[in-house]
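**Student:** Below is one structure. I have some questions about it.
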Amino acid sequence: MAFGETPLPQTVAAAAAIRRLTGILLALEQADPAVDGLIEQMEAVSDRLTAALPADPRPRIGDEQSADRRVYLDHSTDIGAYNPAFPEFAFTGSRPDRATGTVTFPLNFEGPPGLVHGGFLGVFFDAVMQQHNCREGLAGKTRSLNVRYRRPTPLLRELDFDIVRTEHERGLLSTGRLLQDGEVLVIAEMDAVAMNPDSLITRTYGRRRPAPAAHGGVGTGVAAAR
């Protein structure tokens, strides 16, 4: 079940490159001429691509299907793969009542020295527990998310996570843990609305229009409605 369009392969590749480059820049101790050249190139590319964007930055969903609006990418699965502002994680097991997986936080998510910023841990749990919901056929908006920090969470270490999920009268309750070598670092509890994905607006997401024939310029990338 798709909750928006899949990201372009270029977007996925760019996200990985941007995430890696950001970590390098954060660790750089002296100015380097290569960075000055990179900034100039990035500004030029940004200007060129901005001209290819729809005029309206709001997403094209529901009853708002104007081609002047932008395409909305699927946020139910692997957001970090195409958006470097989100952490990447991998499931190693999943069933309706529980899930397991791994995550490694790069330097980009640093708060205290060598440790993950607590706000990013909240983002991680919201993303991973909602992806678990979508994987198992129930999805919905987050009602509440409570995060308890038990131990500092290190950067650049593969960590384990697990999720236990129960259904209740009003929705879904997920309890997630982040662990290092079996020691619990963080515990999060999320209460979410339970909805059948078929009842969501998945059928009214704007579709990406096929790329126009090449004429030496940049395609518009504006998507047509379903």
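The values are calculated or read from the model by the stated rules, or taken from the named source; none is laboratory data. The structure displayed is predicted, hence computed values, not measured ones. Cβ placement follows ideal geometry from the backbone for every residue including glycine, while neighbour counts extend to all protein chains displayed.
**Student:** Please list, ordered by residue number, the strands (runs of 3 or more DSSP E) wholly in region 100-183 having 2 or more residues that are buried (at least 16 other Cβ atoms within 10 Å of the Cβ) and of a type in the set (D, E, K, R). Full working, then the answer.
**Tutor:** Values: elements: 142-149, 159-168, 171-180.
Passing ranges, in order: 159-168.
**Student:** Being β-branched (Val, Ile, Thr), part of a helix (DSSP H, G or I) and touching a residue at least 24 places away in the same chain (Cβ under 8 Å) is the filter here; which residues of region 1-47 pass it?
**Tutor:** Pass one, region 1-47, residues β-branched (Val, Ile, Thr): 6, 11-12, 18, 22, 24, 35, 39, 45.
Okay, now just the ones that are also part of a helix (DSSP H, G or I), so 11-12, 18, 22, 24, 35, 39, 45.
Thr11, Val12, Ile18, Thr22 - these are the residues of region 1-47 that are β-branched (Val, Ile, Thr), part of a helix (DSSP H, G or I) and touching a residue at least 24 places away in the same chain (Cβ under 8 Å).
**Student:** Among the residues of region 184-226, count how many are part of a strand (DSSP E or B) and either buried (at least 16 other Cβ atoms within 10 Å of the Cβ) or modelled with pLDDT of 90 or more (or both). Before you say what the answer is, go through the steps one by one.
**Tutor:** Narrowing region 184-226 to residues part of a strand (DSSP E or B): 184-192, 195.
Narrowing the set further to residues that are either buried (at least 16 other Cβ atoms within 10 Å of the Cβ) or modelled with pLDDT of 90 or more (or both) leaves 184-192.
Matching residues across region 184-226 total 9.
**Student:** Tell me which residues, restricted to region 48-79, are hydrophobic (A, V, I, L, M, F, W, C) and either more than 30 Å from Ala139 (Cα to Cα) or not in a helix (DSSP H, G or I) (or both). Spell out the reasoning first.
**Tutor:** Within region 48-79, the first condition is being hydrophobic (A, V, I, L, M, F, W, C), and the residues that meet it are 49, 51-53, 55, 61, 67, 71, 73, 79.
Hits for region 48-79 are Leu49, Ala51, Ala52, Leu53, Ala55, Ile61, Ala67, Val71, Leu73.
**Student:** Residues of region 80-99 being within 14 Å of Val164 (Cα to Cα), assigned to a strand (DSSP E or B) and in contact (Cβ under 8 Å) with a residue 12 or more places away in the chain, which ones?
**Tutor:** Phe91, Ser94, Arg95, Arg98, Ala99
**Student:** Quick check: is even one residue across region 32-52 of a type in the set (A, V, I, L, M), buried (at least 19 other Cβ atoms within 10 Å of the Cβ) and more than 30 Å from Leu178 (Cα to Cα)?
**Tutor:** no
**Student:** Taking region 160-179, which residues are under 23 Å from the mean Cα position of the chain (by Cα) and touching a residue at least 60 places away in the same chain (Cβ under 8 Å)?
**Tutor:** Within region 160-179, Asp160, Phe161, Asp162, Ile163, Val164, Arg165, Leu178 qualify.
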